[in-house]
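S.K.: Sharing a structure, written as structure tokens. Questions coming.
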Amino acid sequence: DGLCMYSRFYEAEQMFGFMVSKGCFPDVVTYSILINGYCKSRKVEHGMRLFFEMSQRGVVRNTVTYTIIIQGYCRAGKLNVAEEFFKQMVFCGVPPNIITYNVLLHGLCDNGKIEKALVVLEDMQKSGMDADIVTYNIIIRGMCKAGEVADAWDLYCSLSLKGLVPDIWTYTTMMLGLYKKGLRREADALFRKMKEDGILPSECYGYS
């Protein structure tokens, strides 16, 4: 894990090979660590080689493994591939968790695919999984980035009905969206609301 953290992949793979030569076969955790290292370094294809090798060695891929691959392709801007792996994951009976959904939603929203993100959110809720504040922060940010500030505001206003409490990122994202639309009065009112809720302005790193 330490070698992957510092992008020393050659040494990591050497260690990997040494383990195998000594009869210590890598498990799903070992594979996932290596794949994650490659994906974080934008070397998704190298990660995919290990992903396919897992099935050849009889190592069962888990939720973490699939989530890493989905995130890797989202970061590479290959959303269609990321979505295909998400579908494959579900088809193979590997259950996505909240992190998997948030990773996919982040990729979609970051690339302006808000409508598709909302469909994924709906599917997520139909599966019985509750979205958390991170999920809604991702979508609110995506809407603001796409200029859909009114929709973002409606979603923000619905959070209390969902039993969710806005955090620093919710406020920051929404305020910046309002400011960019020229809605300074509304943004200032939200800033005051943030302080009333006990979130100090000094904590609001992204707000200026």
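S.K.: Starting from the Cα of Lys126, draw a straight line to each of the lysines and keep only those under 19 Å, dropping any in the same chain fewer than 8 residues away.
M.R.: Straight-line reach from Lys126, under 19 Å: Lys87, Lys116, Lys162.
S.K.: In whole Hz and in residue order, list the ³J(HN,Hα) couplings for the range 159-176 that follow from phi through the Karplus curve 6.51 cos²θ - 1.76 cosθ + 1.60, θ = phi - 60°; x for Gly and Pro.
M.R.: 3J(HN,Hα) across the range 159-176, in whole Hz: 4, 5, 5, 8, x, 10, 10, x, 10, 4, 6, 4, 4, 4, 4, 5, 5, 5.
S.K.: Also: Using 0.36 nm per residue of separation minus the Cα-Cα distance, give me the extension gain between Leu159 and Val29 in nm, one decimal.
M.R.: Numbers: separation 130, 0.36 × 130 = 46.80 nm, distance 3.60 nm.
Contour length minus the Cα-Cα distance gives 43.2 nm.
S.K.: Between Arg184 and Val60, what is the spin-label point distance in nm, taking each point 7 Å from the Cα along the Cα→C-beta axis?
M.R.: In this crude spin-label approximation the distance works out to 6.0 nm.
S.K.: Tell me, what HN-Hα J-couplings in whole Hz come from the Karplus equation 6.51 cos²θ - 1.76 cosθ + 1.60 at θ = phi - 60° for each residue of the range 49-65, using x for Gly and Pro?
M.R.: Working through the residues one at a time gives 4, 6, 4, 6, 5, 4, 5, 5, 8, x, 8, 7, 6, 10, 4, 5, 4 Hz.
S.K.: Now for a separate question. Along Cα→Cβ, 7 Å out, is where each label goes; now give me the distance between the ones at Lys193 and Gln88 in nm to one decimal.
M.R.: 4.3
No value in this document is a laboratory result; all are computed from the given coordinates. Nothing here was measured: the structure is a model prediction, and the numbers come from that model. Reconstructed Cβ throughout: ideal geometry from the backbone, glycine too, with neighbour counts over all protein chains shown.
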